[in-house]
Structure formats: C-alpha cells, structure tokens
1. Considering only residues that are out of contact with any Cys (no Cβ under 7 Å at 6 or more places or on another chain) and under 16 Å from Phe289 (Cα atoms), which ones fall in region 353-370?
2. Please tell me if Thr368 is of a type in the set (Val, Ile, Thr), open to solvent by 10 Å² or more (accessible area, probe 1.4 Å), closer than 22 Å to Ala335 by Cβ and in a helix (DSSP H, G or I).
3. Within region 219-253, can you find the residues that are surrounded by 13 or more Cβ atoms within 10 Å (Cβ to Cβ), part of a loop (DSSP other than H, G, I, E, B) and acidic (Asp, Glu)?
4. Does Leu387 satisfy being open to solvent by less than 10 Å² (accessible area, probe 1.4 Å), under 25 Å from the mean Cα position of the chain (by Cα) and modelled with pLDDT of 95 or more?
5. Which condition does Glu437 not pass, out of (1) charged (D, E, K, R); (2) in contact (Cβ under 8 Å) with a residue 60 or more places away in the chain; (3) open to solvent by 10 Å² or more (accessible area, probe 1.4 Å); (4) part of a helix (DSSP H, G or I), if it passes all the others?
6. For region 414-426, check the following and say yes or no: at least one residue is modelled with pLDDT under 95, more than 28 Å from Lys232 (Cα to Cα), within 21 Å of the chain's Cα centre (by Cα) and part of a loop (DSSP other than H, G, I, E, B).
7. When Pro287 is evaluated against the numbered criteria (1) exposed (fewer than 13 other Cβ atoms within 10 Å of the Cβ); (2) in a helix (DSSP H, G or I); (3) not charged (D, E, K, R), which criterion, by number, is the only one it fails?
Amino acid sequence: MSDLREAGARKDTKRGSHTATAEKIMPIYARLPRGPHPLDAPGVAHNQRIRIHGGMIEAVATRGYPQTSVKLVVGLAGVSRRSFYEQFSSKEACFTATFDLILARALRRLTRTYRAAAGDPPERLRAAFRAWVAELEQNPKALRLVLVEAETAGPEGMWRLQRAAAAFEEPLASALARRPPAGGAKRGGTPAEPLPPPVVRAIVGGLRRATELRLLDDDTAELGALAGEMLKWTLLFDAPAAARLRARACAHRPFPDSPALECGACGGDSRRARLLRSAIEVGLREPKFESLSSPLIADGAGLPFEAVTELFADPVSCYMQALQALGDELLQAVASRELVSERWPAAVCDAVERLLCHLASSPARLLTLAVRAPAAGPEAIASLRELSYELATMLTEGAPARARSRIAVEAIAGGVWQIICCEALAGRGHMLPALAEHVSYVVLAPYIGPDAALAAIVRSREAAGRTTGAWPSAA
C-alpha cells in the first residue's frame with residue numbers, strides 16, 4: 001500500500017507530457033530480483049498487484065483513461081503481461097479495482113478522522129474535510145483517477161462515481177442528523193430531523209465539484225482554505241427548513257427503451273439539424289462510443305453519406321456540435337429576465353421548474369447529457385462541466401446578496417448536476433420535476449439563507465396550487 005500511496009503522491013504532470021513513450025516505457029518501481037528473495041508466492045502476487053495499481057494511476061494521470069493500455073500499465077508497473085492477466089481480466093477490470101481501492105482508502109481516512117476528532121459534529125466534520133484536503137495534497141493522481149477519469153470509462157465508470165458519491169452521502173447525513181437542533185439544545189437532546197436525501201446528494205456533488213476543479217487546475221494555492229469552505233457549504237443547508245421541502249406529484253411517464261429526440265431539436269429540420277439529432281440517437285443506441293460513424297449518422301438522418309462529410313470534419317465533431325446544441329437549448333429553456341430582477345427567489349423556483357421539466361420531457365436529451373456523453377471523452381466532459389457552470393451562473397447572477405461560501409457557484413453547479421445525473425442513472429429521469437423544491441433550495445439557500453429559501457419555495461408552491469407526493473426511492 002505504501003507503494004500505491006507513493007505513486008499517487010508524485011507531482012502530477014500535464015496530460016500529453018509523455019513520461020512513457022511508445023518506444024520505451026520506464027517502470028516506476030524496481031522489479032523483484034530474479035533469484036531468491038523473502039517473498040513467497042502470495043507475497044509476490046500481492047507485490048505485483050500493488051505495482052499494477054500504481055501503474056494504472058500513473059498511466060491514467062499522464063495519458064488519460066481512453067489512451068491507457070495494458071502495455072503502458074505493465075511497463076510502468078515493471079511486471080509482465082502474463083502477471084497482469086493473472087491478476088485482472090482486462091484494462092477495465094484493473095481500472096475499476098484501482099478505483100475501488102482508492103475510494104475505500106479515502107473513506108477509511110475520513111471516517112477515522114471524524115470519529116477521533118473532539119467537539120460537536122461541525123467541528124468533527126471540519127477535521128474530516130481537512131483530512132480530505134490532505135488526501136488531495138498527498139495523492140492527487142489517485143483522486144484524479146476517481147473523480148475525473150472515471151467519467152471517461154463508460155457506463156461502468158459513471159455507475160461507480162454514483163456509488164462513490166452514495167458512500168459519502170450516508171456518513172455525512174448521519175453526522176448532520178446527530179447534531180443538536182437549531183436553538184442550541186444541550187448534548188443529549190432530541191436530534192435534528194435528517195436532511196432530505198436530494199439535499200445531501202447536492203451537498204456531496206458540490207464537494208466533489210470543488211475538489212475536481214482543483215485537481216484539473218493543479219490549484220494548490222487555495223487548498224489551505226478549502227476545508228473551511230467545504231464546511232461552510234455543507235452547513236448552509238443544515239437547517240430545520242430543509243425538512244419542510246416536499247417531493248411534488250409528477251405526471252411524466254417512464255422513459256422508453258429507445259428514446260429519440262423530438263422533431264425540431266438541435267436547430268429545426270435542416271440537413272445539419274437532422275444529422276445532429278441522428279448523432280445523438282446513434283450515441284444512445286450503440287454500446288460503445290467508438291461505434292459512432294458517418295454512415296450510421298447519415299443513415300439515421302435519412303441522408304446520403306456525403307452529407308456528413310460535407311458539414312462535419314468527422315463523426316466526433318458532429319456529435320460534439322450536437323451536444324453543444326442540446327446544451328444551448330437547455331440554457332434557453334431556463335433563461336428569464338426575472339432571474340436578474342427583484343423577483344429573484346421566485347424566478348429561481350420557476351426556472352428550476354422549467355429546467356427539470358425540459359429534461360424530464362425529453363428522454364434522449366437527458367440521457368445524453370447526464371449519462372451517455374461523458375463516454376465521448378475529455379472534450380465532452382469539459383463541455384458538460386461548462387454547461388453546468390453556465391446554468392449555475394444563470395440561476396445565481398441576480399441574487400440580492402453575496403453567497404455565504406466562496407465555492408458556492410461551482411458547488412451549486414456540481415450539486416444540481418449530481419441530482420440530475422443520479423436520477424437519470426437510476427431510471428427516474430421522468431420524475432425529476434418531483435425534486436424541484438430541493439433543487440431550488442440548493443440554489444437559494446447559499447444566498448438568502450435556508451429560512452428565506454423555504455419561504456420563497458412555499459410561496460411558489462402555493463401560487464401554483466401544486467400538490468406534493470411521496471419521496472422517490474433513493475439510489
């Protein structure tokens with residue numbers, strides 16, 4: 001394990017600065033001696049496995065997951081290809097096992113720190129966040145594999161990311177539920193009501209986004225203050241008001257097995273728009289993104305092959321432009337002048353309603369943005385990250401006061417997107433409008449406080465005569 005920690009702690013290099021070239025891959029570990037040594041057969045296998053995990057971390061940090069190969073991993077690990085396949089069935093299996101190992105270690109560290117810390121739950125959470133920042137400083141490459149690269153590993157990577165988030169949601173919810181209720185109740189009093197699961201999910205999504213951005217930027221200057229900002233972000237929502245949020249009744253039907261974009265999506269009915277829609281639908285239909293091809297796109301649009309090559313450099317370019325069109329349409333659906341007016345709290349509630357209905361009414365759109373597009377690679381992931389940030393900026397730029405946390409906008413972007421992705425992955429995308437009050441609370445509370453946020457949400461609920469329903473089951 002010390003070898004694995006050492007591999008993750010090395011200074012992160014920019015992708016493309018090839019530490020391992022195609023001609024010669026330099027191992028990052030010394031090979032075991034060929035002659036006698038103190039390790040028995042199980043010890044040798046364990047040693048090799050740890051080195052392979054370290055090789056995977058290094059390979060993904062320098063090349064990215066899509067460009068990582070078994071050859072690169074074994075070269076960096078200093079083991080034979082045969083030894084690799086004795087431990088793992090494929091590159092994918094090695095990646096997911098490495099992901100699980102890193103996640104388990106980080107979760108153990110945070111749990112131990114929280115339990116050992118003195119003071120009330122907020123102080124113990126502060127200690128846990130400091131431990132998280134220390135993990136970020138000591139093992140940036142390892143955490144980058146989990147938080148950044150897993151999205152490029154296809155559906156399995158997305159599922160693992162959601163399970164990772166859920167692994168942090170449960171202890172965070174428990175920690176907050178054990179705090180005294182507002183008003184300063186003494187130790188041993190009645191515990192506060194638990195935060196609604198969607199709010200906890202958004203808190204964790206915001207914490208993840210704040211970490212992810214600093215990993216991407218190699219930003220160590222703000223790490224000293226990050227733990228405190230994470231605590232502020234978490235406690236912004238920790239109020240009795242949150243318990244009064246309600247899931248709304250939802251009339252949308254479950255998504256079909258083979259969703260298609262509605263006519264008019266991606267710019268109307270021009271040849272270009274038809275090809276863009278076809279690219280999205282092919283991306284949803286094909287099991288691997290690499291299957292996307294000009295003939296498939298042209299066939300889906302009912303156009304000759306030449307139509308694709310005339311308008312786009314390649315199939316990936318077509319898909320990326322289609323992704324941009326879907327994002328632009330989402331922002332247009334949310335936009336309103338009232339978001340920069342005195343009616344800002346009410347306007348946020350209305351805009352969130354439009355956002356969630358827009359996604360829930362278009363299965364192909366939601367599944368592309370929340371589930372499928374990351375498999376297209378780093379460019380698509382960066383585009384989605386920018387879309388979520390533009391959305392958060394649009395929703396918050398008219399706020400009447402400054403946010404109560406410096407990471408508020410990026411965390412709102414991550415928190416709202418986390419709710420959307422989780423519902424889509426769990427097959428509940430059609431029920432997104434049911435969570436409009438929770439999403440509105442996530443946007444409003446950092447700026448006007450939880451009580452004023454709840455008041456605005458209740459006024460919106462009453463003005464529309466909306467009914468509420470039961471909780472959607474947690475993922």
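1. Step one: of region 353-370, the residues out of contact with any Cys (no Cβ under 7 Å at 6 or more places or on another chain) are 353-369.
Within region 353-370, Ala364, Leu367, Thr368, Leu369 meet the criteria.
2. Details: of a type in the set (Val, Ile, Thr): yes; open to solvent by 10 Å² or more (accessible area, probe 1.4 Å): no; closer than 22 Å to Ala335 by Cβ: yes; in a helix (DSSP H, G or I): yes.
No, not satisfied.
3. Correct list: Glu222, Asp238.
4. On the way: open to solvent by less than 10 Å² (accessible area, probe 1.4 Å): no; under 25 Å from the mean Cα position of the chain (by Cα): yes; modelled with pLDDT of 95 or more: yes.
Considered against the rule, which asks whether it is open to solvent by less than 10 Å² (accessible area, probe 1.4 Å), under 25 Å from the mean Cα position of the chain (by Cα) and modelled with pLDDT of 95 or more, Leu387 comes out as no.
5. Looking at each condition in turn, Glu437 falls short on (3).
6. yes
7. Every condition holds for Pro287 apart from (2).
Table: residues versus (1) more than 16 Å from Ile25 (Cα to Cα); (2) touching a helix residue (DSSP H, G or I) at 6+ places or on another chain (Cβ under 6 Å); (3) among the charged types (D, E, K, R).
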{"residue": "Asn47", "(1), (2), (3)": "yes, no, no"}
{"residue": "Gly55", "(1), (2), (3)": "no, yes, no"}
{"residue": "Val60", "(1), (2), (3)": "no, yes, no"}
{"residue": "Tyr65", "(1), (2), (3)": "yes, yes, no"}
{"residue": "Ser69", "(1), (2), (3)": "no, no, no"}
{"residue": "Leu72", "(1), (2), (3)": "no, yes, no"}
{"residue": "Arg82", "(1), (2), (3)": "yes, no, yes"}
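The values are calculated or read from the model by the stated rules, or taken from the named source; none is laboratory data. Only a predicted model underlies this, so the values are computations on that prediction, with no experimental measurement involved. Every residue, glycine among them, receives a Cβ derived from its backbone with ideal geometry; neighbour counts consider all protein chains shown. Side chains are part of the model used for accessible areas, which takes the heavy atoms of the whole protein and leaves out ligands, DNA and RNA. Shrake-Rupley method; radii C 1.70, N 1.55, O 1.52, S 1.80 Å.
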